[in-house]
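Let me begin by presenting the structure, written as C-alpha cells, before commenting on it.
The values are calculated or read from the model by the stated rules, or taken from the named source; none is laboratory data. It should be emphasised that the depicted structure is a prediction, and the values quoted were computed from it without experimental measurement. Methodologically, a virtual Cβ is constructed for each residue, glycine included, from the backbone with ideal geometry; neighbour enumeration extends over all protein chains shown. Only protein heavy atoms, including side chains, enter the accessible area calculation; ligands, DNA and RNA are left aside. Shrake-Rupley method; radii C 1.70, N 1.55, O 1.52, S 1.80 Å.
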Amino acid sequence: MAAPLDMEPAALSLELLPTDPLLLILSFLDYRDLMSCCYLSRRLNQLSSHDPLWKRHCKKYWLISEAEKSQRNQSWKAIFISTYSDLGRYIQYYATLKKAWDDLEKYLGQRCPRMIGSLKESVREEDLDAVEAQIGCKLPDDYRCSFRIHNGQKLVVPGLMGSMALSNHYRSEDLLDIDTAAGGFQQRLGLKQCLPLTFCIHTGLSQYMALESVEGRNKYEIFYQCPDQMARNPSAIDMFITGTSYLEWFTSYVNKVVTGGYPIIRDQIFRYVHDKECVATTGDITVSVSTSFLPELSSVHPPHYFFTYRIRIEMSKDALPEKACQLDSRYWRITNAKGDVEEVQGPGVVGEFPIISPGRVYEYTSCTTFSTTSGYMEGYYTFHCLYYKDKFFNVTIPRFHMVCPTFKVSTARMETNHNEYAVDEDEDSTDTDEYEDRRRVLDIPAPSGRCPHHT
C-alpha cells in the first residue's frame with residue numbers, strides 16, 4: 001500500500017549506508033578525522049579500522065613501503081600509530097625531509113660513497129631535548145626532524161654541503177652533528193643566539209641559524225656571517241642570507257644536487273650554478289659557463305663581492321680532424337650594476353694555452369670581483385688552427401650574470417653614526433687568473449680551521 005502523501009520521509013543516517021559507500025567516504029578523511037570516527041559508534045569504529053584506509057596515510061606521512069610493512073609484520077594502522085607516537089610532532093615535515101635524505105643518499109651513493117659513509121645515525125628525542133636545555137633555546141621542529149633521520153656527518157673532507165676550489169683557496173662544508181653544533185652555539189654580540197649548521201675545516205666558515213629574532217635577524221633565518229671591516233665595533237656583523245628556514249634551506253640544496261644543478265667533480269659537490277642560456281656555439285666549439293658566489297671572500301662594508309666562474313670549452317665529436325685548434329688569448333668585457341665597463345685582454349687562460357680537438361673538453365676556473373652587488377661578463381677567445389697556422393678565429397663567450405645573495409646590514413652599524421664610515425664604491429671589477437695576487441689585495445686573514453665545537 002502506498003504511504004500517505006503527508007508522511008515525512010525517514011531521516012537518512014550515515015550508518016544506514018552500505019559498507020562500500022561508507023568506506024569510500026572514509027577514504028577521503030585525514031588521519032585525525034579517521035581516528036575520531038573510531039569513537040563515534042561501534043560500526044564506524046570497525047570501518048575506520050579497515051586496514052587499507054591507513055595504507056595511504058602511512059605512505060603519505062611516513063613513506064612506509066610495502067617491503068617495510070612486510071618486515072614489520074604489523075597492520076597499516078598499527079604502523080601508523082606506532083610511528084606517530086615517536087615522530088608525531090614532526091608529521092608536517094617528516095615526509096619532505098625523509099624524501100630529501102633518501103634522494104641524496106641514492107644520488108651520492110654511486111658518485112660520492114665516502115661522503116655518504118660519513119653520515120651519522122639518527123638521534124633520540126631526549127638527545128634533542130638535552131641540547132635545548134644546554135643552549136637555553138628551542139630548536140625548530142624541522143631541524144629536529146632532520147636529526148631524527150641523520151645526525152649530520154663526521155668532520156671529513158669532502159663535506160656534504162658543498163665545496164669550492166680556486167688556485168690557493170679551498171672550502172668544503174660539513175653538516176654538523178647536534179653535539180658539535182651545540183658546542184658552537186653563540187651568545188656573543190653580533191651572533192647572539194645563533195646555532196652553526198655547517199663548518200669548513202679549512203676556512204673556519206659556518207652557516208648559522210638564528211634561534212631568536214634578535215640583532216635584526218628573523219627567527220630561524222640561515223646566513224653566512226660577514227664581519228663589517230669598516231666598523232670600530234667588533235659586533236658589527238653583516239649577513240648573507242642563504243635560507244628562511246631549515247626545511248627550505250636543506251631541501252632546496254638537495255634538489256639542486258640530485259637534479260644535477262650542482263656538478264660532481266672529483267667526488268665532491270661543487271656549488272656552481274649553471275644557467276642553461278649561458279651557452280654559445282661558434283662553428284664546432286661550444287662554450288658554457290657556471291658561476292658561484294664566495295661569501296668568505298666578500299664583504300658588504302666595504303662593498304666587495306667575490307665570484308668564481310667555471311668555463312667549459314668543447315669541440316663537437318663530429319668535427320673534422322683538421323678543425324683542431326689552440327687557444328691563444330682571451331678578451332673580456334666586464335660590466336657592473338652601475339653600467340661601468342672594463343675591458344681585459346690577456347694571453348691564454350689561467351696560464352695555459354689548451355689544444356681543442358674533436359670530442360675534447362677543456363675546463364678551467366677563474367674569478368672576479370665587483371664593487372656592486374651584481375654584474376656580468378662576456379667576451380671571446382682567439383684560436384689558431386693547427387693545420388692552417390695562419391688562420392685565426394674568435395669563439396664567443398656567452399654573457400653570464402653574477403648576483404650577490406640577499407644580505408642584511410648589522411644593526412650595530414645602523415646604530416652608529418654613518419659619518420664614521422667612508423665607503424669607496426669605485427673599485428674596478430677585474431677578471432683575474434692570478435688568485436694569489438687577489439688574496440693579497442683582499443688582505444684575507446689566515447683561516448682558523450677551528451671547529452665551532454671548540455669556539
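The angle separating the long axis of helix 51-62 from the principal Cα axis of greatest extent in the chain is about 30 degrees. Each 10 Å bin from zero up to the one holding the largest Cα-Cα distance in segment 205-313 carries the following percent of pairs: 12, 33, 32, 17, 5, 1.
Shape descriptor for the chain: Rg over Rh equals 1.12 (Cα atoms; Rh from the Kirkwood inverse mean 1/r). The charge dipole of the chain, taken about its Cα centre with unit charges on the Cβ atoms of Lys, Arg (+1), Asp and Glu (-1) only, comes to about 1280 debye. Taking 22 Å as the limit for the C-alpha separation, the pairs LYS77/LYS106; LYS55/LYS120; LYS59/LYS99; LYS59/LYS98 exceed it in the case of LYS77/LYS106; LYS55/LYS120.
Rolling a 1.4 angstrom probe over the protein heavy atoms with all chains in place gives the chain an accessible area of 49 Å² per residue. Nearest 10 degrees, 0 to 90: what angle lies between the long axis of helix 76-87 and the longest principal axis of the chain (Cα atoms)? Here the helix axis deviates by roughly 60 degrees. Tell me the angle of helix 246-258 to the major Cα principal axis of the chain, expressed in degrees between 0 and 90 and rounded to the nearest ten. The two axes meet at around 60 degrees.
Over all orientations, segment 259-403 has a Cα convex hull whose mean projected area works out to 9.8 square nanometres. Quick one: grab the alpha carbon gyration tensor of segment 23-154, order the square roots of its eigenvalues as a ≥ b ≥ c, and give me rounded if a/c is under 1.5, else prolate or oblate depending on whether a/b is larger than b/c. It is oblate, given that a/c is not under 1.5 and a/b is not larger than b/c. Mean sequence separation of contacting Cα pairs (under 8 Å, at least six apart), scaled by the length of the chain, corresponds to a relative contact order of 12 percent. Using a cut-off of 13 Å between beta-carbons, work out the net charge of the residues near CYS325 (Lys and Arg +1, Asp and Glu -1, CYS325 not included). For residues surrounding CYS325, the net value is -1. Relative contact order of segment 1-123, taken over Cα pairs closer than 8 Å and 6 or more residues apart, is 16 percent.
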